Amino acid sequence: MDKKSLIGLGLIAVILGVWIWLSGPTKEQIAQQKRIKDSIEVVNQKALQEELKKEAQKVTAKIDTVSQIQTLAVNDSTKQALTKQNFLDFSGAVSGVEKVVTIENEKLKVYISSKGGYIVKTELKEYARSGNAKPLVLFDKDSTEFALILSAYNKSKVFNTSDFYFTPVNITKSGLTMRLMTEKEGSYIDFNYTLKPNDYMVYSDFNFVGMQNIISSNVDEMQLNWKMLYPSQEKYIVKERQAATIYYKQLENKPDYINPMKEELKELNDADIKWIGFKQQFFNATIIANTKFEKGGSLIETSNRSAASDVVKAARTELGIKYNHLPNEKFEFKFYFGPNHYNTLKAYGDELEDIIPTGWSIFSYINRWLVIPLFNGLSGLNMGIVILILTIIVKIVLFPIGYKTYLSGARMRVLKPEIDELNSKFDKNADPMKKQQEQMALYRRAGVNPLSGCLPMLLQFPILIALFAFIPAAIELRQKGFLWADDLSTYDSIWTFGKVPFISWAYGDHVSLFAALMFVSTLIYTYMNSNLMPQQNNQMPGMKFMMYFMPVIFLAVMNEYAAGLSWYYFLANMMTFLQNYGLKFIIKDEKIRAEIDENMKKPKKKGGFAARLEEMAKQRQAEMNKARSKK
């Protein structure tokens with residue numbers, strides 16, 4: 001570029017500068033523009049604040065949880081403002097990254113989430129679901145929820161701890177603390193969890209530090225909510241649903257439960273509560289207070305989930321926790337996550353063993369004193385063999401009853417000629433009371449009691465009823481195979497034929513061989529028993545029909561019941577056959593005939609029952625004669 005070009009560019013620059021200076025705003029104009037700009041900025045800020053305020057007013061009334069704020073269609077600054085406004089000192093715990101920390105021992109592995117600070121999954125290492133490998137998952141994150149409901153700032157706010165992110169601290173293999181921090185220094189809530197070696201208990205507590213100025217001063221209780229969906233663990237979900245329920249123990253009462261066949265919401269306002277147990281067929285998850293849960297506002301509820309193929313039932317509880325507004329306050333409790341094993345539960349105390357159905361009233365002692373000790377003492381043997389040993393023991397104990405039953409039948413059989421002769425004296429129009437009176441006189445002379453054969457049989461029912469209640473719930477039989485059955489705690493199937501109208505409803509969709517053996521042996525036993533006392537069957541033909549019809553009904557029930565129970569009944573029948581066959585060689589009819597003849601020679605004094613029966617017959621005869629005379 002030459003000298004003339006540079007001079008030309010310089011002149012152009014000078015001219016432009018002079019023009020800009022001459023055409024630019026004065027100092028007064030600049031000041032005016034600044035004032036206008038500042039005013040516009042103030043107006044814009046006011047408009048933004050007004051917009052945030054209006055947005056907050058629109059949604060605040062609808063906000064209950066953090067997730068509702070997060071899903072609102074507003075910008076981040078609005079969400080932050082809403083979070084601060086709605087969660088105050090807890091706003092710092094609204095967002096975070098979920099972490100799941102595990103603690104474990106030889107029996108349990110427990111998963112605890114930082115989102116909510118609660119146990120979201122529990123594995124039982126020694127057990128497996130039906131058809132799966134170990135461990136058994138008692139529940140998982142998708143099937144449970146656990147939260148404290150916090151009333152804060154004099155009831156102006158209600159918070160749910162499951163909305164907040166906790167910070168894991170003090171982590172060891174067997175314990176940790178989940179800490180819920182607040183914006184106030186020195187104020188936090190700890191959820192503590194500890195496992196001991198070889199233990200099904202998780203020892204826990206809520207520790208409130210510096211929360212007395214946040215928790216509402218006019219609230220003396222907090223609410224603890226626990227919900228669970230029972231996952232299917234077994235082969236037959238129908239039986240799981242018939243067993244799944246909630247058990248509970250109030251301080252002043254024995255443990256009680258919701259009827260498993262019902263959906264029910266039950267308020268527990270009459271007494272403080274010690275524990276609540278979510279019971280499945282063979283396992284349970286139970287929360288136990290070291291002191292008590294408050295009765296006010298506490299409840300339990302079960303509801304069915306029949307449409308779900310992998311969910312047995314839904315359960316929930318609401319429990320009151322005392323809060324004393326102290327600077328440092330702790331509520332201690334524990335969880336039991338484990339099997340419905342009688343001795344294990346009994347060792348923990350608090351009547352937890354009552355979760356297991358051992359039978360009603362006095363029948364339960366048969367299981368508690370005989371069956372359970374036998375199952376535990378012989379646990380090293382195959383459980384089918386253990387049931388065989390149990391049957392032998394029961395038959396030995398009941399042998400005196402069996403002996404009297406057979407002897408009574410033999411006496412009635414030997415007395416048949418005299419009974420036939422007496423029956424021939426009365427036609428079908430004869431007075432039945434007169435006939436019965438003479439029959440009783442014959443029995444009295446012969447020294448025979450017709451009821452002696454029935455009474456021993458009735459005395460066997462407590463054992464049958466006790467086993468009927470316990471064996472399907474005995475975890476000792478769970479997944480224990482024997483012969484063709486792979487699990488004695490549920491039905492065995494040698495043929496599954498699917499759904500057939502009416503048959504499926506009345507009988508099922510399969511054939512249980514153990515139930516079939518029980519049915520056939522019961523029919524044979526009924527036939528043999530009827531031959532022992534034929535005259536009783538002739539006198540009561542309707543009873544004979546019922547004796548053969550009841551095994552049919554029993555077959556329909558047992559076809560879907562525990563194979564272990566059918567195996568026991570089959571063995572009991574077979575041993576009865578052997579017993580009666582042996583007694584035939586001991587109790588000879590000739591000897592009994594001689595005893596009856598000898599008794600008939602002796603004068604007989606009327607017993608109390610015979611005297612009352614004869615008096616009733618006389619009164620009945622007098623009434624009939626009086627009625628005839630009026631005609």
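The values are calculated or read from the model by the stated rules, or taken from the named source; none is laboratory data. Being a predicted model, the structure only gives us computed values, none of them experimental. Virtual Cβ from ideal backbone geometry, glycine too; neighbours counted across all protein chains shown. With ligands, DNA and RNA removed, areas are computed over all heavy atoms of the protein, side chains included. Shrake-Rupley method; radii C 1.70, N 1.55, O 1.52, S 1.80 Å.
One table, with the values for the structure above:
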{"item": "In nm, spacing of pseudo-spin labels at GLU183 and SER306 (7 Å Cα→C-beta vector)", "result": "5.1 nm"}
{"item": "Per residue solvent-accessible surface (Å²) - segment 97-171, probe of 1.4 Å", "result": "42 Å²"}
{"item": "Gyration tensor (Cα) of segment 317-417, equivalent ellipsoid semi-axes in angstrom", "result": "50, 18, 9"}
{"item": "Inter-label distance for LEU378 and LYS99, nm, one decimal - labels placed 7 Å from Cα along Cα-to-Cβ", "result": "5.3 nm"}
{"item": "Theoretical FRET efficiency, 1/(1+(r/R0)^6), r = Cβ-Cβ of LYS109 and LYS266, R0 30 Å, to 0.05", "result": "0.40"}
{"item": "Between segment 107-165 and segment 316-387, the Cα center-to-center distance that results, in Å", "result": "22 Å"}
{"item": "Inter-site label distance for GLU421 and ALA594 at 7 Å from Cα along Cβ, in nm", "result": "2.1 nm"}
{"item": "Paramagnetic label zone (point 7 Å from Cα along Cα-to-C-beta, ASP205; backbone N under 11 Å) in segment 323-360", "result": "329-333"}
{"item": "Sites SER174 and TRP495 - FRET efficiency at Förster radius 56 Å, r taken between beta-carbons, to 0.05", "result": "0.70"}
{"item": "Of LYS262/LYS499; LYS295/LYS334; LYS395/LYS416; LYS157/LYS295, those spanning more than 20 Å from alpha-carbon to alpha-carbon", "result": "LYS262/LYS499; LYS395/LYS416; LYS157/LYS295"}
